[in-house]
Amino acid sequence: MNTEAPALLVQLLATEWQLSGDWQPLAGYADQNWRLGTSSGDYVVKVASPNSGFAELDLQVQAQRFLTKRLQPHFTKNPQRECAQSPQQQNQSALQVPALLPTRHGELLHFSPALQRFVRVQQYLAGTPCAAVAASERDETLLFTLGEQVGALSRQLSEFCHPYASRPLDWDLAQAPLRCEALLPLLQSQVSAPIWRQLQQTLAEAQLRLLPQLSTLPRAVIHNDANDHNLLLRQDAAGHWQSAALLDFGDMVHSIRVAELAVLAAYLLPDSADPQAALLALTRGFCQQVPLSAAELGLLPLLVRLRYLLSLCNSAEAYRQTPDNDYLLISRAQVLAGLDWFASQNPVRLELALLRAAGLSVDPGADKHNLLARRRTHLSPSLSLSYREPLKIIRGHGAYLFDEQGRDYLDMVNNVCHVGHCHPRVVAAASAQMSRLNTNTRYLHDNLLSYSEALLSKMPAPLSVCFLVNSGSEANELALRIARTVTGRRDVLVVEGAYHGNSNACIDISPYKFLGKGGAGQPAHVHIAPLPYPFRGRYRGHDSAPLYLNDALQVVAQAPQPPGAFITEAVQGVPGQIVMPPGYLAGLYPALRAQGTLCIADEVQIGFGRLGDEFWGFATQQVVPDIVTLGKPIGNGHPMGAVVTSRAIADAFANGMEYFNTFGGNPVSCAVGLAVLDVIAEEQLQQKAASTGAYLCQQLQQLSRAFPIIADVRGYGLFLGVELMNPANPDLPATAATSWLIEYLKSQRILLSSEGPDANILKIKPPLVFGQAEADRFLTALAQGLRLLPADLSA
Ligand code: PMP
């Protein structure tokens, strides 16, 4: 850079501003800036870039004038004199904004015909850019003050208007979704795969959540560039950093007002030791001045991420045009660090913490007592609630649920929200399709075929035809109807303790229900094979399959005719997270098929990779069923189910009676199903279930050595059972201890439930995003619970 001020400029300052002194070049993004030291104080001389038109510069000038009047009223009277004052004499409670010095004719913006440029002169504000102060020295008090002072400036600006503020601007977050959509492809080759995914997700979320809210979010003119280079700090007498000034009004825009805080946060979080604390401190401060709404705070973390994405897009675009300008890459490391940090955060936890920081309620709904009373009045007592003191759950994300006070709970129960609560990909897929079309299978639609083919591609031959339904119960209903139609036989063989659904036909094949409380007993057409339960069943051990097999075939032999269907889970859920002895189904299936029975595998709980090593539970027993039924995880919470069978069986079922299902296979459900399969593959959730499950099992085994109440640890992947027996009497299930532990774990904000007829089995079946950190949190709490377990419960 030429460090010599052009003679024409020196002359201009002398004539128009009557200033002369030492000239030093300053760095600038677009303008050419000089520091001019004079006997009356220091000034910044800004020579606008030839691309800057009057309107753009006038916006800056008017805003600076407006703000200096409002925030530092004494400056504007005579900025020259003020500049000479010591910082202590200046108004400490507001951020300083550089006051403009008029020419001798009173112009704040002067066009120089000789230079063919607009020139303006403003106070030189002393201070250290925030970026040059170590993050460790930026304590929460300072961050709170910065938030508050940028908020105060923003509050003032809400009364400022200028026509040019509404121009399209590359740095406007409200316009970012469109701009980033166009520029995102530039980034793919420049960033790592996880960052690329994070950027794609940021854009998708912005399109899904920000765009629909744009018209209702409060708007104002904002500074829009309170970054750590534009914020100046000064040290007070005690050496503490204080906020001092805000520079650079070039990116001002009329936009969503929350963007002001998003930009500030974007630059102050990444290198902070505790980014969450920093974000909360900034927000607390900002909201003192600008009371952001729950909707604005809900978008704040997304807007920070969007600013990172926008920054990468804008610099990639600028770099494409001027590849030799390294200045354009200045904030890249910071941006990547910020994105990394957000990727590690649970967004709901963050959002709820932000609401609390701003003094807003996290749950505007009714309180728990009110809901309980209304439940009693309007709902059936046959609906049960978990826990002595029921929970009110208002949000979910990943493996976590959040209650009405914003407290997080580790969810180890929900095997429905398989890829994580409210997975953004799944939500986006549902919402996008929902806004386009939702009909039924009587029209041709791509989604129905794309999904059916994707699902069937996960099945072994000859399973090649699917029916889409709305729940696990419906899937089992249809499976029974198929088996009965194809075989002409109504009888069904089931396994002791099994549960297959809530419809009449499903209750009839669920011993857990018909033999349980309120049940009508065993129907004549249903036959029960003893539960193959190697740990505590009628035969024990790994090699007990032939004995159980023999018993099952005897049950069949005693029936009036061979059953049309045999239905079972390959790993039992409701009966107690039970792994059948190896060889059981491999022996039973052919023996039953030889008598014309069709074998149905109920994969409602165990399918879709939960078991880790296998995508489907039946594979753990080395069998291929005639009919497979699917539910729960298939739609990650969206009500879906499916029945899969062979071409031969599907054709034999098609006897002329139409199978019509109003909702089954609709385009929205199919879009959801596809998104679930995509996420399982992309996030390698089956592999994750295998590794986290193996770790959990190994740690639980280890724990069982210290706590003999743990009598058995079993299962696959993230479908595990921990059976608790009384150490003093190993034949006695530790039912009371199990329920005590479940309440204790709840007090530690871990949700778990019990299983089995004696309710003495801890069942572990969390969303598959449950990882090692979550496993450790659970293991630590469980060990502590076992230590604290009252002696009379474990004796
Ligand atoms: N089969 C099994 C093995 C189940 O566990 C369940 C539900 N717990 C069902 C079928 C019924 O599914 P849904 O509740 O979706 O109808």
Item to complete: Over the residues of region 245-311, compute the C-alpha Rg and express it relative to 2.2 N^0.38 Å.
Response: 1.09
Discussion item. Can you find, among Leu264, Thr620, Gly665, the residue sitting farthest towards the positive end of the charge dipole of the chain, where Lys and Arg contribute +1 and Asp and Glu -1 at Cβ?
Written reply: Gly665
Discussion item. Checking the cross-link filter: which lysines have an alpha carbon closer than 28 Å to that of Lys458, excluding same-chain neighbours under 8 positions apart?
Written reply: Lys632, Lys688, Lys763, Lys765
Worksheet item: Where does the Debye-calculated log10 I(q)/I(0) of region 683-795 sit at q = 0.09, 0.20 Å⁻¹, using only Cα point scatterers of equal weight, no solvent?
Response: -0.21, -1.05
Discussion item. Which one, Gln684, Val253, Leu630, is farthest towards the positive end of the dipole of the chain when Lys and Arg carry +1 and Asp and Glu -1 on their Cβ?
Written reply: Leu630
Worksheet item: For region 604-687, what is the relative contact order in percent, using Cα pairs closer than 8 Å and at least 6 residues apart in sequence?
Response: 32 percent
Worksheet item: In the calculated pair distance distribution of the chain, what percentage of Cα-Cα distances lie above 52 Å?
Response: 31 percent
Fill in: Length-normalised contact order of region 687-778 in % [C-alpha pairs under 8 Å, at least 6 apart]
28 percent
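What is the percent of Cα-Cα separations in region 357-483 that go past 25 Å?
51 percent
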Worksheet entry | Unit Cα scatterers, Debye sum, region 487-572: log10 I(q)/I(0) for q = 0.15, 0.19 Å⁻¹ | -0.55, -0.86
Worksheet item: Expressed as cubic angstrom per residue, what is the convex hull volume of the alpha carbon set of region 148-196?
Response: 117 Å³
Practice prompt. Could you give the spread of the C-alpha atoms of region 189-338 along their three principal axes, from largest to smallest, in whole angstroms?
Written response: 49, 40, 30
Fill in: Residue-averaged 222 nm ellipticity for the chain, from DSSP H runs of 4+ at -39500 (n - 2.57), nearest 500
-12000 deg cm²/dmol
Worksheet item: If we count every other residue with Cβ under 12 angstrom of Ala694's Cβ, Lys/Arg +1 and Asp/Glu -1, where does the sum land?
Response: 0
Worksheet item: When only Cα pairs under 8 Å and 6 or more residues apart are kept, what is the percent relative contact order across region 318-421?
Response: 22 percent
Worksheet item: Using the count of nearby Cβ atoms within 10 Å as a rough guide to exposure, how do Cys313, Cys697 rank from fewest to most?
Response: Cys697, Cys313
Worksheet item: Could you give the dipole magnitude of the chain about its Cα centre, charging the beta-carbon of Lys and Arg +1 and that of Asp and Glu -1, in debye to the nearest 20?
Response: 1300 debye
Fill in: Descending principal axes extents, region 117-261, alpha-carbon based, whole Å
49, 39, 36
Fill in: Dmax and Rg, reported as Rg then Dmax, of region 638-690 (C-alpha, Å)
15.3, 45
Item to complete: Give me the Debye-computed log₁₀ of I(q)/I(0) at q = 0.17 Å⁻¹ for region 725-778, equal point scatterers on Cα only, no solvent, two decimals.
Response: -0.60
Worksheet item: Semi-axes of region 527-580's equivalent ellipsoid from the Cα gyration tensor, sqrt of 5 times each eigenvalue, largest first, rounded to whole Å?
Response: 21, 14, 8
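How big is the dipole moment of region 194-314 about its Cα centre under a simple scheme where the beta carbon of each Lys and Arg is +1, that of each Asp and Glu is -1, and everything else is neutral? Debye, nearest 20, please.
So the dipole magnitude of region 194-314 works out to roughly 340 debye.
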Discussion item. Using the Cα centre of region 745-795 as origin and beta-carbon charges of +1 (Lys, Arg) and -1 (Asp, Glu), tell me which of Ser753, Ala775, Ser794 is placed farthest towards the positive end of the dipole.
Written reply: Ala775
Worksheet, complete the sentence: The answer for the net charge of residues other than Asp712 whose Cβ lies under 12 angstrom from its Cβ, with Lys and Arg +1 and Asp and Glu -1, is +2
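Values in this text are rule-based calculations from the coordinates and carry no lab data. Predicted model only: the values in this text are computed from it and were never measured. Counting neighbours? That spans all protein chains shown, and the Cβs are built from the backbone with ideal geometry, glycine included.
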